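The values are calculated or read from the model by the stated rules, or taken from the named source; none is laboratory data. These numbers come from a predicted model, not from an experiment. Using ideal geometry, Cβ is built from the backbone for each residue, glycine included, and neighbour counts are taken over all protein chains shown.
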Amino acid sequence: MTAAPRWPDVDPGELAPVVVIAGGFLTTPRWYRALAAALRERGAADVVVAPVDPPDWVLAAVRGLGPIATRVGRALLDAGARSAAHPASRGAPVLVVGHSAGGIVGRVLTSPAPLDGRRLGASGRIGALVTLGTPHVVGERARWGRRIAESGVRFANRHVPGAFFAPTTAYLSVASSAIVGRDAGDGGARFIRRLYEDVRPAPGEPLVAGDGVVPVGSALLPGARHLVLPGATHGPGGSAWYGAEGQVDAWWPVALDLWRGALRARRARLAGGPANRGGAA
């Protein structure tokens, strides 16, 4: 029996990705079940939700992101095995969807430099990294949870700044302008403005838009494809968060196109075309 062709021998338009979902600060995997189902319905070959729970994030406040990176890394290995076994993926690099701080972990995993002695270097396994409301810029004087994010962002910006492995790894940053914080106005608007200031100081800007937690200016990774949704909220949960039905339809087709574009760039490299600094295919 002739073996089925592997992904470099198949047109990327005919392939479907296995997806890894990396959840945000203090979330639990069950909160992403609906998003996982929505992605399967929209053509993902399979979906793996990284097993990170609130106690893991609490521990990260003391020990750093290393243990969380290990957990998400194991989910990445699981997804890679599923991709190799799935006829729609044929071993293609996976697509990582990182919500909030989960997007920072996704970036950290691609680093060629170790984190707290942990070997990372997962860029070859990741065909695309999609970040949903991820704070790629975090103020140094942020509160507890954001201090964890700030340490991860500092590490990522040192070792894998911006869309570091493009074009063989695609990057999509999804932000929202749904909720505006104001210096003047009712108490709710001023509170949102202070939340945004915690993430990304914006002195002199009386109005700052964001998703209710992360302002637009923080959620857009330099060099990535940028998508600003007008009505998404940070979540997870609710009818308008990034993983809700209507919002997924806004960013998933873009993510899929970018993933396939990255596979084409890898095929060109394997065929002897221009190389970049990305990991092995």
Quiz item: Looking only at residues in segment 178-234 that are closer than 30 Å to Asp257 by Cβ and modelled with pLDDT under 90, which one is surrounded by the fewest Cβ atoms within 10 Å (Cβ to Cβ)?
Solution: Arg200
Practice problem: Test Ala128 against the criterion of being in a helix (DSSP H, G or I), hydrophobic (A, V, I, L, M, F, W, C) and either under 22 Å from Ser173 (Cβ atoms) or modelled with pLDDT of 95 or more (or both), and give yes or no. | Solution: no
Practice problem: Please go through segment 101-125 and pick out each residue that is at pLDDT below 95 and either under 14 Å from the mean Cα position of the chain (by Cα) or surrounded by 24 or more Cβ atoms within 10 Å (Cβ to Cβ) (or both). | Solution: Ala101
Exercise. Would you mind finding the one in Arg264, Arg269 that is among the basic types (Lys, Arg), surrounded by 13 or more Cβ atoms within 10 Å (Cβ to Cβ) and over 29 Å from Arg40 (Cβ atoms)?
Key: Arg269
Quiz item: Across segment 28-59, which residue is farthest from Leu95 (Cα to Cα) among those that are in contact (Cβ under 8 Å) with a residue 60 or more places away in the chain and crowded, with 23+ Cβ neighbours inside 10 Å?
Solution: Tyr32
Quiz item: Restricting attention to segment 236-264, which residues are among the acidic types (Asp, Glu) and modelled with pLDDT of 95 or more?
Solution: Asp249, Asp257
